[in-house]
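Structure record follows, encoded as structure tokens.
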Amino acid sequence: QLRLVESGGGLVQPGGSLRLSCAVSGFPDGYTFKDYAISWFRQAPGQAREGLSCISRSGEYIYVDESVKGRFTISRDDAENTVYLQIEKLKPEDTAVYSCAGSSRYPLNCVIYDYAPFDWGKGTLVTVSS
């Protein structure tokens, strides 16, 4: 099945930056990375999973949730089968496990609803603390 592996998390000072990566592999027969819209989520301890941002198959449609707009930037590199989430000006409240998810069910757009038909990565932990 589809494999998504997040990386780039760690312990960061408030105000710092991180670039998270979501490397995608294990495509079903007939599918490539370009067939997948990719979404980013996070889940803080004791909290529900929160949709953050997503990018369409082509990269032409991008959604960034208002809660993180201006600090979070999503992008994709089709040559590397990887989606990135650049995070600027990190805050302690950004501390969470960040996960990526992919879906081939959205031809033109993307979604950040966790009940969508996603394949999921296991997540990477981001800890923002001084």
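The values are calculated or read from the model by the stated rules, or taken from the named source; none is laboratory data. Since the model is a prediction, treat every value here as computed from it, not as a measurement. Virtual Cβ from ideal backbone geometry, glycine too; neighbours counted across all protein chains shown. Surface accessibility is based on the protein's heavy atoms, side chains included, excluding ligands, DNA and RNA. Shrake-Rupley method; radii C 1.70, N 1.55, O 1.52, S 1.80 Å.
Might you let me know whether the stretch 21-32 holds any residue that is of a type in the set (A, V, I, L, M, F, W, C), over 18 Å from Q1 (Cα atoms) and touching a Leu at 6+ places or on another chain (Cβ under 9 Å)? Checking the stretch 21-32: not a single residue is of a type in the set (A, V, I, L, M, F, W, C), over 18 Å from Q1 (Cα atoms) and touching a Leu at 6+ places or on another chain (Cβ under 9 Å). Taking residues in the stretch 97-125 that are within 17 Å of G26 (Cα to Cα), and partners anywhere that are polar (S, T, N, Q) and modelled with pLDDT under 95, the pairs with Cβ atoms closer than 9 Å and at least 6 places apart or on different chains are D119/Q1. For the condition buried (at least 16 other Cβ atoms within 10 Å of the Cβ), closer than 18 Å to T124 by Cβ and among the aromatic types (F, W, Y), F33 does not qualify. Take the conditions (1) modelled with pLDDT of 95 or more; (2) touching a Ser or Thr at 6+ places or on another chain (Cβ under 9 Å); (3) of a type in the set (G, A, S); (4) surrounded by 14 or more Cβ atoms within 10 Å (Cβ to Cβ); S104 misses just one of them, which is (2).
Contact map, the stretch 46-68: first residue at pLDDT below 95, second residue open to solvent by 80 Å² or more (accessible area, probe 1.4 Å) and among the β-branched types (V, I, T), Cβ cut-off under 7 Å, separation 6 or more or different chains; the map is empty. Would you mind stating whether G8 is under 18 Å from the mean Cα position of the chain (by Cα), open to solvent by less than 80 Å² (accessible area, probe 1.4 Å) and closer than 18 Å to Y98 by Cα? Judged against the criteria, G8 is a match.
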